[in-house]
1. Regarding segment 28-35, can at least one residue be identified that is touching a residue at least 24 places away in the same chain (Cβ under 8 Å), surrounded by fewer than 16 Cβ atoms within 10 Å (Cβ to Cβ) and within 13 Å of the chain's Cα centre (by Cα)?
2. Which residue out of ALA64, ALA76, ALA30 is in a helix (DSSP H, G or I) and over 19 Å from PRO109 (Cα atoms)?
3. In segment 8-27, what count of residues is obtained for those that are more than 25 Å from VAL94 (Cα to Cα) and assigned to a loop (DSSP other than H, G, I, E, B)?
4. Does any residue of segment 48-55 turn out to be surrounded by fewer than 16 Cβ atoms within 10 Å (Cβ to Cβ), touching a residue at least 24 places away in the same chain (Cβ under 8 Å) and of a type in the set (Asp, Glu)?
5. Tally the residues that are without any contact (Cβ under 8 Å) to a residue 40 or more places away in the chain and open to solvent by 70 Å² or more (accessible area, probe 1.4 Å), restricting the search to segment 56-72.
6. Looking at the structure I just gave you, is GLU106 modelled with pLDDT of 95 or more, out of contact with any strand residue (DSSP E or B) (no Cβ under 6 Å at 6 or more places or on another chain) and open to solvent by less than 70 Å² (accessible area, probe 1.4 Å)?
7. When you scan segment 31-48, do you find a residue that is under 19 Å from ASP90 (Cβ atoms) and touching a Pro at 6+ places or on another chain (Cβ under 7 Å), even just one?
Amino acid sequence: AQQLAAPSPVTIFVQYDGVPRAMAERLNRALSAEGYAAPGVERLDSAAGKRELRFFYEDDRPAAEFAARAADDALAALGFATGVEARLLDHIRVKPRPGVFELWVEPVPAR
């Protein structure tokens, strides 16, 4: 059922902080296993304290909310806290194409 509901094609770039690169790559592989294009991970200090999936077009909201739940599932499977929120950033001047999202996350252990 998830495959039918999952929007296609969707790309998720992972920006992370606070965990070893290998752990961020495991998160990336989990997103890829859910059918998302997940080209890679990038460690950025500005990802500290964040759990958000950024999207850039209002029309992408349903796909972004679905992807945020997939990110939560992946984080939970890896033993991390959930709570990823989809966040619209439609005010920026240079945007990626529709269907391209950014997961900004600092994974913290689940309690």
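The values are calculated or read from the model by the stated rules, or taken from the named source; none is laboratory data. Just so we're clear, the structure is a prediction, and the values are computed from it rather than from any experiment. Here the Cβ is made from the backbone with ideal geometry for all residues, glycine too, and neighbour counts use every protein chain on show. Calculation scope for accessible area: heavy atoms of the full protein, side chains included, ligands and nucleic acids excluded. Shrake-Rupley method; radii C 1.70, N 1.55, O 1.52, S 1.80 Å.
1. yes
2. Within the list ALA64, ALA76, ALA30, the selection yields ALA64.
3. 3
4. Looking for residues that are surrounded by fewer than 16 Cβ atoms within 10 Å (Cβ to Cβ), touching a residue at least 24 places away in the same chain (Cβ under 8 Å) and of a type in the set (Asp, Glu), one finds none in segment 48-55, hence no.
5. Qualifying residue count for the region: 5.
6. Against the criterion (modelled with pLDDT of 95 or more, out of contact with any strand residue (DSSP E or B) (no Cβ under 6 Å at 6 or more places or on another chain) and open to solvent by less than 70 Å² (accessible area, probe 1.4 Å)), GLU106 qualifies.
7. Taking every residue of segment 31-48 in turn, none turns out to be under 19 Å from ASP90 (Cβ atoms) and touching a Pro at 6+ places or on another chain (Cβ under 7 Å).
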